[in-house]
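The values are calculated or read from the model by the stated rules, or taken from the named source; none is laboratory data. Computed from a prediction, not measured in an experiment: that's the story for all the values here. For neighbour counting, all protein chains shown are included, and Cβ atoms are generated from backbone atoms with ideal geometry for every residue, glycine included. We work out accessible area using only protein heavy atoms, side chains counted, and drop any ligands, DNA or RNA first. Shrake-Rupley method; radii C 1.70, N 1.55, O 1.52, S 1.80 Å.
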Amino acid sequence: MIIIKKAGDIKNQLVALTKIGISIGFVPTMGALHTGHISLIEAAKNENELVVCSIFINPTQFNDPKDFEIYPVTIEKDIYLLEKAGCSILFLPTVDEMYPDGFKNLSYFKLGFIETILDGKYRPGHFQGVCQVVCRLLEIVLPNKLYLGQKDFQQSMVLSKIATIAYPSIQIGICPTQREPDGLAMSSRNLRLTTEERLLAVNIYLTLKYIQDTIKPGDLTNVKHGAIAALTAKGFKVDYIEICRKNNLEILENWDGNTAIVILIAAFLNSVRLIDNIVV
Ligand code: AMP
């Protein structure tokens with residue numbers, strides 16, 4: 001694996017490779033890599049001749065500056081895992097490289113309804129930052145296919161929407177959520193959990209499973225309120241538990257029993273915010 005830090009350098013190399021017909025799979029990440037990220041690298045490797053991974057902790061997507069400061073960094077281990085997984089190129093830019101004009105005059109993306117709900121509502125500006133960084137990365141890497149995780153369901157939907165409009169030639173692959181043996185969704189943020197919090201964290205998955213197993217057609221108010229109360233009693237501060245139409249994330253108050261739905265949770269365990277979802 002080669003590591004490239006300059007946007008101009010990686011762009012020149014990749015343009016030359018594309019010209020001779022090499023297909024590129026791209027996996028953008030913020031590092032602190034785990035098996036979830038590696039599953040995206042493997043999917044990219046299976047479908048492309050060359051795999052590019054980026055590691056960049058993007059300041060513009062953190063609505064809380066403290067959260068940005070303490071985001072986990074494990075770069076030595078990340079490089080080892082990427083090498084082992086067969087990644088071809090690691091793009092490791094600095095903030096200046098990604099935002100050469102600073103943070104003024106950043107692009108604004110018209111995301112509409114999807115930015116007003118769930119993480120869009122609870123993390124104002126978050127999806128603008130996600131779009132800013134991923135669009136800049138796509139312009140540099142110009143991959144054949146972009147790989148995203150279902151773990152960040154709303155983010156995948158936002159990026160699919162933007163990429164389809166701005167980069168229609170780039171295909172998008174959404175990979176299933178990788179979980180710890182007890183069911184907890186793998187996440188870089190899990191590194192920040194204490195032993196006690198780690199044991200409690202699985203309750204997010206257990207709550208999703210419980211709703212999935214017991215949900216019935218009809219009014220969903222009691223299901224949602226019951227789940228929020230149960231997680232709160234375990235010590236979580238719940239941002240949301242919502243049941244949404246899978247294809248557009250419209251929040252449902254009633255379910256007809258046929259519509260494909262996704263159940264989504266975001267909740268804090270002390271200072272660590274965890275998200276997860278399950279498709280029914
Ligand atoms: P992040 O480093 O958190 O920005 O994540 C980089 C990519 O990895 C995103 O597309 C995530 O959705 C994906 N990802 C994160 N966690 C998981 C997981 N547990 N399973 C599958 N994909 C994941």
Completion exercise
Carbon and sulfur atoms account, in whole percent of the 1.4 Å probe accessible area of the stretch 188-279, for 53
Exercise for the section: From the P(r) of the stretch 115-155, can you give the percent of Cα pairs sitting at distances over 11 Å? Expected result: 69
Practice task
Considering the options Gly36, Ile215, Leu17, tell which one lies farthest towards the positive end of the dipole of the chain, charges being +1 on Lys and Arg and -1 on Asp and Glu at the Cβ, about the Cα centre.
Solution key: Leu17
Handout entry: GNM result for the chain, Cα springs below 10 Å: residue of Leu264, Leu111, Leu146 fluctuating most strongly
Key = Leu111
Completion exercise
Per residue, accessible area of the chain with a 1.4 Å probe, heavy atoms of protein chains only, in Å², comes to 48
Practice task
Two decimals is fine: what's Rg over Rh for the chain, C-alpha atoms, Kirkwood radius as Rh?
Solution key: 0.97
Fill in the blank from the handout: Per residue, the convex hull enclosing the Cα atoms of the stretch 188-279 spans a volume in Å³ of 88
Problem - Cα pair distances exceeding 17 angstrom across the stretch 1-93, given as percent - result: 50
Handout entry: Local electrostatic count, Asn144, Cβ distance below 11 Å [Lys/Arg +1, Asp/Glu -1]
Key = -1
Handout entry: Rg and Dmax of the stretch 88-200, Cα atoms only, in Å
Key = 16.1, 46
Problem - Candidates Ala44, Ala229, Ala267, ranked by Gaussian network fluctuation over the chain, Cα under 10 Å, top entry - result: Ala229
Fill in the blank from the handout: Other residues with Cβ under 10 Å from the Cβ of Ile117 give, with Lys and Arg +1 and Asp and Glu -1, a net charge of -3
Practice task
Let me have the relative contact order for the stretch 188-279, percent, based on Cα pairs under 8 Å that are six or more residues apart.
Solution key: 30
Problem - Only Lys, Arg (+1) and Asp, Glu (-1) charged, at Cβ; the chain dipole about Cα centre in debye - result: 160
Completion exercise
Here the tail fraction of P(r) beyond 13 Å, over all Cα-Cα pairs of the stretch 10-56, rounds in percent to 56
Handout entry: Positive dipole terminus of the stretch 90-146, leading residue within Pro100, Cys131, Phe113 (C-beta point charges)
Key = Phe113
Handout entry: Tilt relative to the chain, helix 203-214 - C-alpha long axis, 0 to 90 degrees, to 10
Key = 60
Handout entry: Degrees, to the nearest 10: 35-47 long Cα axis against longest axis of the chain
Key = 50
Exercise for the section: Report, in debye and to the nearest 20, how large the dipole of the stretch 188-279 comes out about its Cα centre when Lys and Arg carry +1 and Asp and Glu carry -1 on their Cβ. Expected result: 320
Handout entry: Violating pairs (Cα-Cα greater than 25 angstrom) within the set Lys77/Lys237; Lys84/Lys151; Lys6/Lys84; Lys151/Lys246; Lys5/Lys145
Key = Lys77/Lys237
Exercise for the section: Relative to the longest principal axis of the C-alpha atoms of the chain, give the angle of the C-alpha long axis of helix 153-166, reported between 0 and 90° and rounded to the nearest 10°. Expected result: 40
Exercise for the section: With +1 on each Lys and Arg Cβ and -1 on each Asp and Glu Cβ, and nothing else charged, work out how big the dipole of the stretch 77-219 is about its Cα centre, in Debye to the nearest 20. Expected result: 200
Handout entry: For the chain: relative contact order, % (alpha-carbon pairs under 8 angstrom, 6 or more apart)
Key = 17
Fill in the blank from the handout: Between Ala230 and Ile3, the FRET efficiency computed from the C-beta separation at R0 = 41 Å comes out, to the nearest 0.05, as 0.35
